[in-house]
1. Of LYS108/LYS359; LYS283/LYS324; LYS108/LYS232, which ones are farther than 19 Å apart at the Cα?
2. Among the trypsin sites (Lys or Arg not before Pro) within the stretch 182-283, which fall in a DSSP loop and have no more than 12 other Cβ atoms within 10 Å of their own Cβ?
3. Quick one: work out the % antiparallel among DSSP beta bridges in the chain, nearest 5.
4. Which of ALA157, ALA167, PHE47 sits closest to the plus end of the dipole of the stretch 26-168, meaning its Cα is farthest towards the positive end, when Lys and Arg get +1 and Asp and Glu get -1 on the C-beta?
5. Given a Förster radius of 56 Å and the C-beta distance between SER52 and PHE320 as r, what FRET efficiency does 1/(1 + (r/R0)^6) yield to the nearest 0.05?
6. Among ALA48, ALA251, ALA302, which one shows the biggest mean-square fluctuation in a GNM of the chain, springs joining Cα atoms closer than 10 Å?
7. With just the Cα atoms of the stretch 24-150, tell me how far they stretch along each of the three principal axes, in Å, largest first.
8. With a point put 7 Å past each Cα toward its Cβ, work out how far ASP171 is from ALA270 in nm, to one decimal.
Amino acid sequence: MAQKTYAPATVVVHGNHVHNDFGALSTPIFQTSTFVFDSAEQGGRRFAGQESGFIYSRLGNPTTSQLEQKIALLEGGEDCTAFSSGMGAISATLLSLLSCGDHLVADKTLYGCTFALIHETLPRFGIHADCIDMTDMAQVKAAIRPDTKVVYFEAIANPSMKVTDIAAVADYAHAQNPDCIVIVDNTFATPLLVQPLKLGADVVVHSATKYLNGHGDVVAGFSVARKEIMDKIRMIGLKDITGAVLGPQEAFLILRGLKTLKVHMDAVCANTQKVVDFLAGSKYVQKVFYPGLENHPDHTVATREMTRFGGVVSFEMGSFEEAKKVLNHVHLCALAVSLGDCETLIQHPASMTHSMCTKAAGFSDRLIRLAVGLEDPDDIIADLQQAFEAAQN
Ligand code: LCS
């Protein structure tokens, strides 16, 4: 089957269309830690990489492997490795590709734990980053050097909603150093909105806890790249350093969740546009950050590189106190971190997901982040309106 020619809506359902011995339509859960060899010689050949086949579930598992192949297809990458969390994917990827003394350039706005990894943990191993605003090409050109090993940013930055020009940054980085590895966290956009590898990036990482699973019941991550890079990430970052392996039960749930990713993204982008229109017209809201808005500074880049603008919107209230009051008065929106679920989630980055880096990441403590869900948008809007009104007292 010529799988590469199928549209994303088909790939999320069928993947690479492998049927198993019993003809089961959905991928079975291979709940096993290890795999029996036919002979000592076969075991030896598998360890030596002379024969394909499973060895031990930290190194690969049939359920997880099906999922990895589906994600690789969706991102347009050669190979994919699954992890037990997005941070598992990000830490294994960076620790596989960087060594003591290497130069890293990263965006200053990153998910809080990625920020902590880059600012606090990597320096303990002699890896220092220059952190810049990746949407400013002047800063990109000043920071990337001929010896820069890795450039790291989020396709849509959490929580500022900045959109980096992936093609421009990747072109510049590779012109300075053809071996420079450009890593893009595609969690907010998903491969249905942008495929960073096709724009010139070398590695895509994901928190699959979000849209890829889509149902708020799994923590997981992925790294996708060409085989040569992926082998390093799997055989060093996953196998030897983090051991952050995704279990087959979680892999099954994500395979199931992925089947509706296209309808989920279609619905959530449409819902978000309606909520954004409401926020932009609200007298209680000072500023709205959503790349679909024409006045968003990265709207042109987003329109060029992305098919749609996603399901997350951030907005500023009049004060820190007012932002907290809004959170305390919502009824339908769940007061919870995370995003990409069926339920609308609302949180306050400065005191929650990004409490360690609000100032350095360049956003205000008056900011609220709303991850729009699949409810009727009028109900979401009514809930926000009553919370805004209640927050005035
Ligand atoms: N990358 C991005 C862009 C994220 O938003 C997150 C988690 C991660 C990586 C880490 O993934 P995890 O290990 O949690 O699977 N973001 C969260 C957030 O904004 N709220 O709660 C978690």
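1. Cα-Cα > 19 Å for LYS108/LYS232; rest within.
2. Those satisfying the criteria are LYS283.
3. So the antiparallel bridges in the chain amount to around 55 percent.
4. The residue sitting most towards the positive pole is PHE47.
5. 0.50
6. The residue with the greatest mean-square fluctuation here is ALA48.
7. Taking the Cα atoms of the stretch 24-150, the three principal extents are 57, 34, 24 Å.
8. Output for this residue pair reads 3.6 nm.
Every number here is computed from the coordinates shown, using simple stated rules; none is lab data. Everything numeric in this text was worked out from a predicted model, so none of it was measured. Here Cβ is always computed from backbone atoms with ideal geometry, including for glycine, and neighbour counts include all displayed protein chains.
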